[in-house]
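Down below is the structure, laid out as structure tokens.
Computed from the coordinates by the stated procedures, all read-outs in this text should not be read as laboratory data. In this text the structure is predicted, and so the values were computed from the model without any measurement. Backbone-built Cβ (ideal geometry, glycine too); neighbour counts: all protein chains shown.
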Amino acid sequence: MNLIPVAIERLSAEYARLPGIGPKTAQRLAFHCMAAPPDDVTRLADALYALRGVVRPCSQCLFLSEADLCAVCSNPRRDPTQLCVVEEALDVLAIERSGEFGGLYHVLGGVLSPIDGIGPNQLSLDQLDNRLGAGTVVEVVIATDPDVEGEATAHYLADRLAGRGLTVTRLAHGLPAGADLQYADEVTVARAFQGRRSL
Amino acid sequence: MNACRIESLRLYEFRNYADTTVEFGPGLNVMGGRNAQGKTNLLEAVATLTLSRSPRAASSADLFRWGSTACLVEAHVHRLDGPADLGVRFTYDTATRHVGRSATVNGKPRPARSLLGICPVVLFWPDDLLLVKAGPEGRRRLLDVVLSQLDPRAMAELHRYRRALEQRNALMRQLRDGGGSLSALASFEAEFIDAGARVRVARARLVQDLLHWAVPALVQLGGDGEALGLNYVAGGAVFDPTTGDVDQARSAISTRLQARRAEEVARGISLVGPHRDDVEVLLAGRPARTAASQGQQRSIVLALKLAEVAHIRATADVSPVLILDDVLSELDETRRQSLLATVAESGIQVLVTTAEPAALHGLGGTEIHFFEVDAGSIRPVR
Ligand SMILES: Nc1ncnc2c1ncn2[C@@H]1O[C@H](COP(=O)(O)OP(=O)(O)OP(=O)(O)O)[C@@H](O)[C@H]1O
Ligand SMILES: [Mg+2]
Ligand SMILES: [Zn+2]
């Protein structure tokens, strides 16, 4: 006999699918929702529901946006000659927190990882080629994580971008090996920017 | 003497232990008990905690007590610079079907790799008695376990190399089957070559250091120490770290990759790199695996283990804990005495299991703590 009502089971199962949430935490969250004031739960449900309809990838850089262009791309004060290539949207936030970079971004949507079946075709490289084709960008800063996949992706990009008259740099020093950009503090990210090297 | 030692150890739902705590003494700790009671499991728990993963289990899921989906090993470690509390926990995630691992140092969550080196260990399992004779895997593992505990950078390079190797193999299987991207292969190879070269140099240097300590250890065991030779063999040729450096190792790997690329792609595996390297053990210039007698081979293995202890003592800021599973009974009286004398003299903590603890009673000059292991419980015996 199952003691836990099906609805709570269902909700915990959904929570458990989220990154960083184990089965125990998932169950606690589900029980919490049941005990919480109805308004709180409604707000949570609304927020989740609104996410799908309202947020979409920016049509230029693939960062999160509520309009066709994201807040970075539509900001006229950003320097369009500098383009920073990152793995995912959260990395944009980490770099923005450091306040070190004033250019535009390009979100790859992942890194090369043959184990997971991710090759160049699974990344937003065609969009990147199109943007660079316009001729405005002078420097491409590759800010993939300094792990094996991030380094290999940086290497791949450097090869692909070679011979186009672009300066290609790579974030380097300061980031601990195997580190995740998202979890690095502002100082570390700022230093990594200052110490970027040519590829 | 800055000996690191485990003062107490807790096993929770680990192998055949439900929840057991044991307090060890300094010096020699002897675990006796009938077969299949959990002696080896206890030593495995120590190794799992100090190395952040079991050196014996094929999968971390094997560590869970049957029917359980989580296990925990904790230890209170004495070090001259202050005590440390270590913990490692494995949990089975039913949703993803993965075994998750989390570690704590002094009660704070830390990356699992930070467990290594706090309480360095030298492991000696019965299988290791065949270290000279058996395939290269055990010899590579010996080097990697020492490096990972002594040098966080070497550990990071090993990790990077393994990951690059996995990615490269996956890509080569795709290429073999008509998919994959050749330019992506080149990108992963850059990582593979760089990490591989650094692993090679670090291992080759360690081999030299170990030889330095193994020679006197072998003499002490009554063997012909001066006749002992150890070479790091990379890609079929001896790699000498006094003349070769990372750049040289890099270009060597890269040249051999070029030469064997077609064969690698056809087979879908990596045939070149430090995962195929070896340590050549020589006695009077001849391969010890064929030229040395069984007794000589055992002495060499023992000398290598003592060399690990000596090298860690000389390099790290603490002495290691020596873990001997069932090994003493496999050694003749002379070698056993010689091993225990060395250990006693160095003052390091030793955790040893044996089916005949009585044989160790009355061993002169050493403080000995006896324990009885019985069906997943352990208690001190007087
Ligand atoms: N995951 C597990 N859960 C429960 N029991 C286990 C698990 N893995 C192994 N065992 C049991 O633990 C028992 C003790 O194993 P261990 O190898 O520690 O024995 P031992 O005391 O070293 O014996 P020996 O003297 O024969 O070497 C074995 O009978 C084995 O079946
Ligand atoms: Mg055993
Ligand atoms: Zn945008």
| note | Expected unfolding gain across B:Arg176-B:Arg256 under the 0.36 nm per residue rule, minus the alpha-carbon gap, is 26.9 nm
| request: Kindly provide the trypsin sites (Lys or Arg not before Pro) of segment A:15-92 that DSSP labels as loop, not H, G, I, E or B, and whose Cβ sees at most 14 other Cβ atoms within 10 Å. | output: A:Arg17, A:Arg77
| task | Determine, from the Cβ-Cβ distance of B:His212 and A:Leu18 and an R0 of 45 Å, the FRET efficiency 1/(1 + (r/R0)^6), rounded to the nearest 0.05. | result | 0.30
| Beta bridge orientation in the protein assembly as shown: antiparallel %, DSSP, nearest 5 | 65 percent
| request: State, to one decimal in nm, how far the label point of A:Leu48 lies from the label point of A:Glu66, with both points 7 Å from Cα in the Cβ direction. | output: 2.1 nm
| note | Among A:Met34, A:Cys73, A:Ser59, the residue whose Cα sits farthest towards the positive end of the charge dipole of chain A (+1 at Cβ of Lys and Arg, -1 at Cβ of Asp and Glu, taken about the Cα centre) is A:Cys73
| note | So B:Ala186 and B:Val105, fully extended at 0.36 nm per residue minus their Cα-Cα distance, gain in nm 25.2 nm
| query | At 222 nm, what helix-only mean residue ellipticity would chain A give, in deg cm²/dmol to the nearest 500, using -39500 (n - 2.57) for each DSSP H run of four or more? | reply | -13000 deg cm²/dmol
| request: Enumerate the residues in segment B:22-43 having an amide nitrogen under 20 Å from the point lying 7 Å beyond the Cα of B:Ser329 toward its Cβ. | output: B:28-43
| query | What nm value, rounded to one decimal, do you get for the distance between B:Glu166 and B:Arg286 when each label is placed 7 Å out toward the C-beta? | reply | 4.3 nm
| Potential extension, B:Asp278-B:Asp81 segment - 0.36 nm per residue separation minus Cα distance | 67.2 nm
| remark: Given Cβ charges of +1 for Lys and Arg and -1 for Asp and Glu, the option among B:Ala154, B:Leu86, B:Phe124 whose Cα lies farthest towards the positive end of the dipole of segment B:1-156 is B:Ala154
| said: To test your reading of the geometry: what angle, between 0 and 90 degrees and rounded to tens, separates the Cα axis of helix B:246-267 from the longest principal axis of chain B? | reply: 70 degrees
| query | Nearest 20 debye, what's the magnitude of the dipole of the protein assembly as shown about its Cα centre given +1 on Lys and Arg Cβ and -1 on Asp and Glu Cβ? | reply | 540 debye
| trypsin sites (Lys or Arg not before Pro), restricted to segment B:174-256: which are DSSP loop and have at most 15 other Cβ atoms within 10 Å? | none
| note | If R0 = 41 Å, then B:Ser59 and B:Asp240, at their Cβ-Cβ distance, give a FRET efficiency to the nearest 0.05 of 0.60
| message | I'd like the FRET efficiency for A:Asn121 and B:Ser68, computed as 1/(1 + (r/R0)^6) with the beta carbon distance as r and R0 of 60 Å, rounded to 0.05. | response | 0.90
